[in-house]
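The values are calculated or read from the model by the stated rules, or taken from the named source; none is laboratory data. Keep in mind that what you see is a predicted model, and the values were worked out from it rather than measured. Cβ placement follows ideal geometry from the backbone for every residue including glycine, while neighbour counts extend to all protein chains displayed. Remember, those area values only see protein heavy atoms, side chains included, never the ligands or the DNA or RNA. Shrake-Rupley method; radii C 1.70, N 1.55, O 1.52, S 1.80 Å.
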Amino acid sequence: MIPPEFLQQLLGRIDIVDVVGAHVQLKKSGASLKGLCPFHGEKTPSFHVSPSRQTYHCFGCGAHGDALRFLTEHLGLGFVDAVQDLARRAGLEVPDDRRSVEERAQQAEQKARQKDLSELLAQAAQHYRQQLKTSARAVEYLKQRGLSGRIAAQFGLGYAPAGWRGLARCFPDYADPQLEAAGLVISSEDKLDESGNPRRYDRFRDRIMFPIRNVAGAVIGFGGRVLDQGEPKYLNSPETPVFVKGQELYGLYEARPAIRRAGHALVVEGYMDVVALAQFGIGQAVATLGTACTGEHVSKLFRFTEDIVFSFDGDAAGRRAAARALAASLPHLGERRQVRFLFLPTEHDPDSYVREHGMAAFEACIADAQPLSRFLVEVASEGCRMDTPEGRTRYLAQAKPLWVDLPEGLLKRQMLGELARHARLDDAELQSLWQGDGGARAPSPPQERQEPYAERSGASGPYAKKPFRNARLKAPSGPLPIASPEDQLLRLLLLHSAWWESLSADAHARLVQRGTPHAKVFAWLDRQVIDHGALAWAELRLRLVEALDQAELPASLPALDLERLDEMAAVELQRSEMNRLLAAVLTDHENLSAILGRSAVALRPKG
């Protein structure tokens, strides 16, 4: 856990102008500086950075925050990574009492090694770009694919010559083992050189080179495409300490501004698709790196947008890939997040389709992309005869694991009804079958205390209500004190963490910096949302229990009564109520009757 005091000290030592200025060209404008907003496309600068307030604000799109928020929003860094980045600039060490001296030394050594590999890869990328300029054959190939010099420069495209040791001209010490660790050079144990050592040669030869960058812009690997009819057509760097295929997306660094402008990210299957779409003005495309889409891919994309569109070929292989993307996406969905699927005709990929039909036609395909809810039903019903009881039974068996992976919330409830209708069942009947209630339960009288939601719904696995594991988590006996406005606000934000995302940077800062025990919980919630995105209550509950177990949070707060939170999760809460509570808390109003227009006694937690 990073102490809030350290964050305040860190932000006091950092100049936001230096942080933002490294990514945005700023010019003096009165008491502030301004430039083109990195969060949306514009031609007239409306993005202002205030040295006195140490904040940025865009009058065009409303983006607002401090140096930490800029790194998390613009670069997609996790909260801890952003703190560490700023701490390095300020010459501070991030406090972390959980790491031993040995662990600190190991992490420092690992970071130093990663830095060395990144420098080698950046040097190789520069070499490949220079080689492209001298190869008429490679330049002609790119022209035949319709790529301009501007797009080639934007993506840093290069060329690896056909020789076996072309990188020897870039790295004088070709025997450096770091070249092999970076995936640039291969050492053959079967073949020896004149000195009797394993023969070394370039991994990439006679290929167009696509540098793979992380969200901070550092080169972490390469993809190479043959110019002619060689095999394999595409060759990727192996996994290294700086490159993990299941975590990275080609083109994400370049696509971030276009993703924000378009309001969605487009996931395609190949490097050339990404580059070709950018050539035609569709810059929001990214590609997986020779692997199926993973949950980490989805989570990373949801840092930049709330709408992901997967584009696949319409053949059987494309449908299977889409089904895997569906499964990877389900745990990361929420009330504000959506995933859609675009299937092109079998004779086309995005590259060929946009060349034949143009940008407008492709954008029309994106607009008509199939929603996840409909595709989920298709996947579940594959191979099932829906006109027979046996077929519908198999359909439900295939649908259940997909439905279970959805986070608790409105989408999961609506999908239960959608699946039930296709199976010719009532919603309550399917809910009873899947959640083990033994039938629908009559509503309890209003004056009686209901069981917590997780018990009432019969949820199991990660969504089940966890038993209290120590004294700090025991359910309190007797009536609880009246919940203050701050307690009520905290409860609503825990149950709807997406609401926390929607608050202004000023509201975040004021809540986290309050001199009350609640501030620690607000700061904890902020870290969870920044690191993982908006979480369903079921998932956040598990994290909250763990934090309480480890005494990271004040368990005595009425707002952290888990049973009361579970009860509230079972009813629909109004965002307008959160807004009224927020206004009251930030202006230090303590009268619940004035805030909510009802008796404070009526809001007393049930005993």
Leaving out ligands, DNA and RNA but keeping every protein chain, what accessible area does residue 393 have, in Å² rounded to the nearest 10, with a 1.4 Å probe?
-> 90 Å²
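What FRET efficiency, computed as 1/(1 + (r/R0)^6) with R0 = 41 Å and r the Cβ-Cβ distance, is obtained for residue 233 and residue 373, rounded to the nearest 0.05? Walk me through the intermediate numbers first.
On the way: r = 35 Å, r/R0 = 0.86.
It comes to 0.70.
State the extension gain, in nm to one decimal, for the chain segment bounded by residue 162 and residue 586, taking 0.36 nm per residue of separation less the distance between their alpha-carbons.
Working: separation 424, 0.36 × 424 = 152.64 nm, distance 6.56 nm.
Extending this stretch completely gives an extra 146.1 nm.
Quick one: if the Förster radius is 25 Å, what FRET efficiency do residue 144 and residue 111 give, using the C-beta to C-beta distance and rounding to 0.05? Don't skip to the end; give the middle numbers.
Numbers: r = 43 Å, r/R0 = 1.70.
For R0 = 25 Å, the calculated efficiency reads 0.05.
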Along the positive direction of the dipole of segment 1-118 (beta-carbon charges: Lys, Arg +1; Asp, Glu -1; about the Cα centre), which of 110, 4, 75 reaches farthest?
-> 75
What FRET efficiency would be calculated for the residue pair residue 413, residue 175, taking the C-beta separation as r and a Förster radius of 56 Å, to the nearest 0.05?
-> 0.35
The aspartates and glutamates whose Cα lies under 15 Å from the Cα of residue 300, excluding any fewer than 8 residues away in the same chain, are 73, 81, 248, 254, 531
Would you mind telling me the share, in percent, of accessible area of segment 1-157 contributed by carbon and sulfur at probe 1.4 angstrom?
-> 51 percent
Electrostatic dipole magnitude of the chain [Cβ: Lys, Arg +1; Asp, Glu -1; Cα centre; debye, to 20] | 900 debye
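Under a point-charge model restricted to the Cβ atoms of Lys and Arg (+1) and Asp and Glu (-1), what is the dipole moment magnitude of segment 346-416 relative to its Cα centre, in debye to the nearest 20? Working shown, then result.
Details: 8 positive and 12 negative charges, 112 e Å.
For this selection, approximately 540 debye.
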Tell me, in nm to one decimal, what length is gained between residue 25 and residue 90 on full extension, where the rule is 0.36 nm per residue of separation less the Cα-Cα distance?
-> 21.2 nm
Could you give the length gained on full extension between residue 6 and residue 188, defined as 0.36 nm per residue of separation minus the Cα-Cα distance, in nm?
-> 60.5 nm
With axes computed from alpha carbons, what is the tilt in degrees of helix 316-329 against the longest principal axis of the chain, rounded to the nearest 10 within 0 to 90?
-> 50 degrees
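Could you grab the relative contact order for segment 333-393? Cα pairs under 8 Å, six or more apart, rounded to a whole percent. Could the numbers behind the result be given before it?
Values: 30 pairs, mean separation 21.4, N = 61.
Taking the mean separation of contacting Cα pairs over the length of segment 333-393, I get 35 percent.
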Total charge of the residues flanking residue 114 in space, meaning their Cβ is under 15 Å from its Cβ, with Lys and Arg +1 and Asp and Glu -1, is -2
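Within 12 Å, Cβ to Cβ, of residue 73, how many net charges do the neighbouring residues add up to if Lys/Arg are +1 and Asp/Glu are -1?
Values: positive: 69, 256, 260, 303; negative: 66, 501.
Its environment carries a net charge of +2.
Take the cross-link list 412/520; 34/115; 115/245; 111/245 and give me the ones stretching past 22 Å between alpha-carbons.
Working: 412/520 31 Å; 34/115 32 Å; 115/245 18 Å; 111/245 19 Å.
Cα-Cα > 22 Å for 412/520; 34/115; rest within.
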On Cα atoms only, tilt of 410-422 relative to the major axis of the chain in degrees | 80 degrees
For segment 233-325, just say rounded, prolate or oblate: build the C-alpha gyration tensor, square-root its eigenvalues into a ≥ b ≥ c, call rounded for a/c under 1.5, and beyond that prolate if a/b exceeds b/c, oblate if not.
-> rounded
Of the residues 357, 371, 396, the Cα lying farthest along the dipole of segment 323-415 towards its positive end, which is defined by charges on the beta carbon of Lys, Arg, Asp and Glu, belongs to 396
Return one whole number: the accessible area per residue of the chain in Å², for a 1.4 Å probe.
-> 47 Å²
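With an 8 Å cut-off on Cα pairs and a minimum separation of 6 or more residues, tell me the relative contact order of the chain in percent.
On the way: 865 pairs, mean separation 54.8, N = 607.
Relative contact order of the chain: 9 percent.
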Of 40, 247, 130, farthest towards positive along the dipole that unit charges on Lys, Arg, Asp, Glu beta carbons give the chain = 40
Distance in nm between residue 574 and residue 546 label points, each 7 Å along Cα→Cβ, equals 3.6 nm
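Expressed as a whole percentage, what fraction of the accessible surface of segment 199-259 belongs to carbon and sulfur atoms when a 1.4 Å probe is rolled over the protein heavy atoms?
Working: 880 of 2070 Å².
C and S fraction of accessible area: 42 percent.
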